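Bear in mind that the values in this text are calculations on the coordinates, not laboratory data. Note that the coordinates shown come from a computational prediction; the quantities given were computed from them, not determined experimentally. Here the Cβ positions follow ideal geometry from the backbone for every residue, glycine too, while neighbour counts run over all protein chains shown.
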Ligand code: SF4
Ligand code: SF4
């Protein structure tokens with residue numbers, strides 16, 4: 001069981017693009033040498049900003065809903081796990097449907113792998129690999145109560161994907177936590193970031 | 001959908017499972033000539049098999065009815081009923097060889113995993129191929145007339161070939177299950193060794209999902225081999241007790257089939273349908289991401305996923321300007337989250353806007369030790 005007192009807090013604007021998280025994630029024994037964390041450049045021509053993506057551990061995960069093999073399970077502690085090896089048939093439904101672009105399907109292996117909050121570590125009371133090495137705390141794993149005190153921005157766990165409300169276990173830091181974070185493609189299409 | 005009391009059984013899968021079981025019982029009655037050829041010593045196995053088939057069929061139909069599973073099932077059935085089937089069938093045969101028989105995708109996951117899995121899978125399939133027809137009375141061996149030196153095979157009550165008792169074929173006929181048991185035991189031992197050596201598996205394995213199925217298979221195979229050992233080396237000492245234990249372990253395995261890890265045996269063929277579906281999608285081409293223009297989603301999957309989103313009540317996942325969330329590639333979805341955070345922060349990209357690090361001590365885990 002992962003303790004409910006601890007939360008994962010993502011703050012993309014703190015990311016300095018050092019790729020420590022990518023290196024650390026690849027070290028994990030459950031997916032040896034294959035980092036599950038994504039590090040993307042927002043818009044190379046416009047800005048140096050990079051953003052790390054880990055699984056948001058949705059309350060009603062769309063990845064699991066669209067999985068034909070029933071291979072994605074959410075445990076009672078709210079962690080959404082990688083696909084179950086005997087079941088996954090590598091169809092990519094999850095990869096294409098996840099609202100946050102998290103799962104990776106490795107062709108040839110016919111298997112989806114994704115961030116599982118380093119379950120082997122967090123269920124033992126340790127931090128996920130990426131949060132352990134992130135120097136700017138863009139990836140922060142900490143007691144929820146403590147984070148409220150130490151950051152000006154507050155955690156938000158509700159997202160409007162278009163107009164679909166998605167609730168998550170992982171939080172994104174925002175100055176005005178009362179409103180869900182609205183994700184609208186127009187922002188990218190206009191190039192308006 | 002209607003449910004049956006607290007068991008939460010679904011009516012349609014229940015009905016289909018009942019039909020499947022009835023069909024099997026019909027085939028048993030037909031193949032064993034009205035039950036005359038059923039070996040009374042195997043009655044316990046027969047009952048357990050029928051229960052297991054009912055359970056497996058129920059879970060299978062329930063699984064197929066899930067909207068996401070049905071999306072592929074429907075497409076595969078349509079394909080097989082269309083003219084394209086002729087073009088696709090040879091490919092399907094090759095895929096079955098590669099994915100179901102040789103299981104090469106597991107070899108790509110890990111060679112050791114493949115070795116263990118192949119031994120267990122081939123051992124089990126061999127044992128199933130021999131035992132089910134015997135238990136159902138579809139296959140039977142008798143002496144050829146009064147000739148004690150030759151065996152006569154009967155298939156569905158009709159005479160098949162004959163073969164000498166003291167021949168390689170005769171030896172194989174009587175020891176094929178021993179061979180299967182040796183394969184399964186070797187595979188299980190390899191699997192245990194691999195699991196011990198693999199730190200990832202050691203950390204995440206679960207007793208009910210990963211260990212218990214291996215223990216059950218080991219119990220079945222070891223008791224099976226002990227039957228031969230007792231007969232050949234110890235003049236049948238303790239044979240009855242071992243036979244009883246073997247029957248118990250087999251019945252337990254059969255009854256756990258619908259609930260446990262072994263259910264994936266009936267799920268795995270779906271991979272063939274998905275591989276063909278992907279190839280058909282490639283023929284249609286990939287559609288570009290509406291944000292970055294990179295082709296990424298196969299046309300058939302784009303269509304079917306939108307229909308699936310509709311069935312799952314996810315229609316609201318549409319952005320302004322008519323862009324469906326499915327029209328964004330995974331990378332753009334990730335960029336969108338950061339871009340949206342930026343916008344809420346007033347468009348400022350200022351890594352120093354947050355509270356300085358010195359008032360945010362790097363935290364240790366609950367155990368107090370720095371990680
Ligand atoms: S973020 Fe994506 S992968 Fe993670 S639980 Fe939600 S839908 Fe699944
Ligand atoms: S790739 Fe695997 S986990 Fe993902 S939806 Fe398909 S079967 Fe499920």
> Do the sum for the protein assembly as shown: with -39,500 (n - 2.57) for every DSSP H run of n ≥ 4, divided by all residues, what is the mean residue ellipticity at 222 nm, to the nearest 500 deg cm²/dmol?
Replying inline: -14500 deg cm²/dmol
> If the convex hull of the alpha-carbon atoms of chain B is projected onto planes in all directions, what is the mean projected area in square nanometres?
Replying inline: 29.4
> Dimensions of the protein assembly as shown along principal axes (Cα, Å, largest first)?
Replying inline: 96, 58, 45
> With labels modelled as points extended 7 Å from the Cα through the Cβ direction, what inter-label distance (nm, one decimal) is found for residue B:168 paired with residue B:41?
Replying inline: 2.7
> Average projected area of the Cα convex hull of the stretch B:296-345, in nm²?
Replying inline: 4.0
> If one takes the longest principal axis of the Cα atoms in chain B, at what angle in degrees, from 0 to 90 and to the nearest 10, does the Cα axis of helix B:299-311 lie?
Replying inline: 90
> Assuming R0 = 45 Å, what is the FRET efficiency of residue B:316 and residue A:145, from their Cβ-Cβ distance, to the nearest 0.05?
Replying inline: 0.85
>> Between helix B:212-233 and chain B, what is the angle of the helix's C-alpha long axis to the longest principal axis, kept within 0 to 90° and rounded to the nearest 10?
In response: 20
> Sorting B:264, B:325 on the 10 Å Cβ count, fewest up front, what's the list?
Replying inline: B:264, B:325
> So what is the relative contact order of chain A, in percent, for Cα pairs below 8 Å that sit 6 or more residues apart?
Replying inline: 26
>> If you average the alpha carbon positions of the stretch B:59-131 and of the stretch A:8-75, how far apart do those two centres end up, in angstrom?
In response: 31
> Along each of its three principal axes, how wide is the spread of alpha-carbon positions in the stretch A:6-190, in whole angstrom units, largest first?
Replying inline: 45, 38, 37
>> Please compute the contact order of chain B in relative form: average sequence separation of alpha-carbon pairs under 8 Å and at least six residues apart, divided by the residue count, as a percent.
In response: 16
>> Between 0 and 90 degrees, rounded to the nearest ten: what's the tilt of helix B:67-81 against the longest Cα principal axis of chain B?
In response: 60
> What's the exposure ranking of B:231, A:41, going from fewest to most Cβ atoms within 10 Å?
Replying inline: B:231, A:41
>> For the pair residue B:158/residue B:238, report the inter-label distance in nm, with labels modelled 7 Å from Cα in the Cβ direction.
In response: 4.5
>> Can you sort A:129, A:1 from fewest to most other Cβ atoms within 10 Å of each residue's own Cβ?
In response: A:1, A:129
> Across bins of 10 angstrom width beginning at 0, how are the C-alpha pair distances of the stretch B:12-65 distributed, in whole percent?
Replying inline: 25, 46, 23, 5
>> Can you tell me which of B:335, B:344, B:206 moves the most in a GNM of chain B? Springs connect C-alpha atoms under 10 Å apart.
In response: B:344
> Counting alpha carbon pairs within less than 8 Å and at least 6 residues apart, what relative contact order, in whole percent, applies to the stretch B:77-224?
Replying inline: 21
